[in-house]
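Asker: Starting off with a structure, shown below.
The values are calculated or read from the model by the stated rules, or taken from the named source; none is laboratory data. Just so we're clear, the structure is a prediction, and the values are computed from it rather than from any experiment. Cβ atoms come from the backbone with ideal geometry, glycine included; neighbour counts cover every protein chain shown.
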Amino acid sequence: MPGFDILVTGGTFPDGTTADIGITGDRITATGQLDGAEAGTVIDATGDLVSPPFVDPHFHMDATLSYGTPRINASGTLLEGIGLWGELKQVATTDEMVDRALTYCDWAVSMGLLAIRSHVDTCDDSLKGVEALLHVREVVRPYLDLQLVAFPQDGLLRDPTAQENTLRALDMGVDVVGGIPHFERTMADGAESVRILCKIAAERGLAVDMHCDETDDPNSRHIESLAYETQRLGLQGRVAGSHLTSMHSMDNYYVSKLIPLIAEAEISAIPNPLINIMLQGRHDTFPKRRGLTRVKEMQAAGIRVGWGQDCVRDPWYSLGTADMLDVAFMGLHVAQMSSPEEMRRCFDMVTVENATILGLTDYGLHEGAMASLVVLDAGDPIEAVRLRPDRLAVISKGKVVSQKQRNDSHLTLPNRPQSVCRRHFAGT
């Protein structure tokens, strides 16, 4: 049997099978019972969950770790957060954005989060955020896949130079076309921004990931326009609608029309449960809406849905640790996904479903896949979501990038001891 660079032995895959994984270079070159195989590095994963890496399809890396600068979001609303970000980006420097983003990427890697799609604001004539994150993308490329979305935060039509700057950002190498139609001055302008942005994506052969209807207003229906433009321009399978929180408040009759349109257009949905339930419903007394979109209903219609992180310690959200299992845990509760099948699906929604949304073609634990994986101190996906356990080892593109000794001072559970100690980061 040939030798491997890395051998992961005895791990339990998310589907419950047990196998060894042999890694040569940056690829998985063998799986199965690899008894007697030799390797430069051997990781014993007996009894541990071995998973492909976590994937975050929605984040704002230009703002991350800026909490408290220049002030705190006193109302806790989305709109004050946008205003606060407008103040922050006037004083933030490119070097500072790079430093914060690289710090966050270190957090992410330690948690087994190895692919991130980040929106970057294009409503800044200097495009310093774009410059910063393009630099970060290259720095982290050896160990983390970073996709960037050109995001006109202040509105493509509402901001006088947003369209020009968005095109400049795409010319500089940003990967995906973004937008925020519900923040335009009128519903008509919102629909027009969707038309313009989808046309840009079609002409350039790019994907679309649009903040869509991130509001409690049930009359915000830009996802309908996004589905129409996706069909009209032949963008099926290349478009995501992020947030979609207005669907939480829409009447059921309209939704019964809308969900089939989203499915027909092959649009993916990216709710962000931590942030959606924090920001939405702020104008309500009681009953208070929670703002999460209709996750189970969309999944039942065949729509791909993935959980997103959105924010960590920034103008919109004061918490976060780059742990996608925290996101899955919150999403499970708010979406009431409590059956065993639904809980397992929540794990898939931060791994394989998100990888598909990002178009990661060499993702997985099969032979020939990129050698990126995470070993978790848990026995199966449901236990992983329940405990948010230690990441005992993280391998990215054929290299061990993070390891943690198993914590033996743990709560003893039936059949198998499980660590309940989670990583804490200085300064959080």
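Asker: Test of understanding: among 173, 205, 190, which residue is small (Gly, Ala, Ser) and either in contact (Cβ under 8 Å) with a residue 40 or more places away in the chain or under 17 Å from residue 123 (Cβ atoms) (or both)?
Answerer: On the way: 173 fails: either in contact (Cβ under 8 Å) with a residue 40 or more places away in the chain or under 17 Å from residue 123 (Cβ atoms) (or both); 205 fails: either in contact (Cβ under 8 Å) with a residue 40 or more places away in the chain or under 17 Å from residue 123 (Cβ atoms) (or both).
On inspection, the qualifying residue turns out to be 190.
Asker: Take the conditions under 26 Å from residue 143 (Cβ atoms), of a type outside the set (Ser, Thr, Tyr) and assigned to a loop (DSSP other than H, G, I, E, B) and apply them to residue 385. Does it pass? Full working, then the answer.
Answerer: Numbers: under 26 Å from residue 143 (Cβ atoms): yes; of a type outside the set (Ser, Thr, Tyr): yes; assigned to a loop (DSSP other than H, G, I, E, B): no.
So residue 385 fails the test.
Asker: Now for a separate question. For residues that are in contact with a strand residue (DSSP E or B) (Cβ under 6 Å, 6 or more places away or on another chain) and either at pLDDT below 95 or in a loop (DSSP other than H, G, I, E, B) (or both), scanning just region 304-318, find the one that is farthest from residue 89 (Cα to Cα). Steps first, please.
Answerer: Initial filter on region 304-318 (in contact with a strand residue (DSSP E or B) (Cβ under 6 Å, 6 or more places away or on another chain)): 304-306, 308-310.
Within this subset, residues satisfying the condition of being either at pLDDT below 95 or in a loop (DSSP other than H, G, I, E, B) (or both) are 304, 306, 308-309.
On the way: 304: 34, 306: 29, 308: 23, 309: 21 Å.
So, considering only residues that are in contact with a strand residue (DSSP E or B) (Cβ under 6 Å, 6 or more places away or on another chain) and either at pLDDT below 95 or in a loop (DSSP other than H, G, I, E, B) (or both), the one farthest from residue 89 (Cα to Cα) is 304.
Asker: Oh, and also: Considering each residue of region 184-201, count those that are closer than 20 Å to residue 245 by Cβ and touching a strand residue (DSSP E or B) at 6+ places or on another chain (Cβ under 8 Å), and give that number.
Answerer: Within region 184-201, residues that are closer than 20 Å to residue 245 by Cβ and touching a strand residue (DSSP E or B) at 6+ places or on another chain (Cβ under 8 Å) number 2.
Asker: Looking at 45, 39 in this structure, which one is more than 29 Å from the chain's Cα centre (by Cα), farther than 24 Å from residue 360 by Cα and among the aliphatic types (A, V, I, L, M)? Talk me through it step by step, then tell me what you get.
Answerer: Numbers: 45 fails: more than 29 Å from the chain's Cα centre (by Cα).
Going through 45, 39 in turn, the sole match is 39.
Asker: Do you know which residues across region 269-303 are farther than 22 Å from residue 178 by Cβ, in contact (Cβ under 8 Å) with a residue 40 or more places away in the chain and in a loop (DSSP other than H, G, I, E, B)? Working first, answer last.
Answerer: As a first pass, look at region 269-303 and keep what is farther than 22 Å from residue 178 by Cβ: 277, 281-290, 294, 296-297, 299-302.
Filter again for in contact (Cβ under 8 Å) with a residue 40 or more places away in the chain, leaving 277, 281-284, 289-290, 294, 296-297, 299, 301.
Listed by number, the residues that qualify are 281, 282, 283, 284, 289, 290, 294, 301.
Asker: In region 41-70, which residue that is without any contact (Cβ under 8 Å) to a residue 40 or more places away in the chain and touching a strand residue (DSSP E or B) at 6+ places or on another chain (Cβ under 6 Å) is farthest from residue 385 (Cα to Cα)?
Answerer: Taking region 41-70 and keeping what is without any contact (Cβ under 8 Å) to a residue 40 or more places away in the chain, we get 42, 44, 46, 68-70.
Imposing the further condition that a residue be touching a strand residue (DSSP E or B) at 6+ places or on another chain (Cβ under 6 Å) reduces the set to 42, 44, 46.
Details: 42: 26, 44: 22, 46: 19 Å.
The extreme case among them is 42.
Asker: Still on this structure, I have one more. List, please: which pairs have Cβ atoms under 9 Å, are six or more places apart or on different chains, and start with a residue in region 251-268 that is in the same structural domain as residue 241 (by TED's automatic domain parsing) and within 17 Å of residue 229 (Cβ to Cβ) and end with one that is surrounded by 14 or more Cβ atoms within 10 Å (Cβ to Cβ) and of a type in the set (Lys, Arg)?
Answerer: Note: pairs meeting the criteria are 258/221; 266/238; 266/304; 267/304; 268/304.
Asker: Give region 337-361 a look and list any residue that's in a loop (DSSP other than H, G, I, E, B) and either closer than 16 Å to residue 13 by Cβ or in contact (Cβ under 8 Å) with a residue 12 or more places away in the chain (or both), or say none. Show your work before the answer.
Answerer: We begin by selecting, within region 337-361, every residue in a loop (DSSP other than H, G, I, E, B); these are 337-339, 349-351, 359-361.
Residues satisfying the conditions are 337, 349, 350, 351, 359, 360.
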